[in-house]
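Working notes, structure below.
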Amino acid sequence: MSGDRDVVLLETVKTHRARLVSALLFGELDERRPVVDNVRRLVVSLVVAAVACAGCAGTSFVLSVLADQREAQAQQQLEQQQRSGSTGGATTSPTPADTAPADTARTDGPDPGQIPTTEPR
């Protein structure tokens, strides 16, 4: 029976030493256990949402600028054709395809009349 006490005492000392070494190397037990809260998840979610929003706004802006440039280029080409037609002597009336805006002349997308827009028609 006295042998069991000795074994229990030796195991207790071994456990205490292991705990002291762990505390010395890795800090207190409270510091080693991660705090499970949703604040970190909330912050990461907000950052991801902000990045997605900025990406959508940037894409919309770039597409708008490109559409404006395309429209301005089509307008300049139309004006050049009108100028060259009036100074060349022979006048030709522009066909509806020549006077159509660049966005409606495309055939690869849906009908522009069916797309809801905020611009007045």
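Which pairs turn up if I take residues in region 51-76 that are open to solvent by 100 Å² or more (accessible area, probe 1.4 Å) and look for partners that are hydrophobic (A, V, I, L, M, F, W, C) with beta carbon separation below 7 Å, at least 6 apart in sequence or on another chain?
GLU71/ALA102
With the structure loaded, tell me whether ASP6 is modelled with pLDDT of 85 or more and either open to solvent by less than 100 Å² (accessible area, probe 1.4 Å) or touching a Lys or Arg at 6+ places or on another chain (Cβ under 7 Å) (or both) or whether it fails that test.
yes
The values are calculated or read from the model by the stated rules, or taken from the named source; none is laboratory data. This one's a predicted model, so the numbers in the text were calculated from it and none came from an experiment. Heads up, the Cβs are rebuilt from the backbone with ideal geometry, glycines too, and the neighbour counts pull from every protein chain shown. When the accessible area is computed, the model is the full protein with side chains, heavy atoms only, and any ligands, DNA or RNA have been set aside. Shrake-Rupley method; radii C 1.70, N 1.55, O 1.52, S 1.80 Å.
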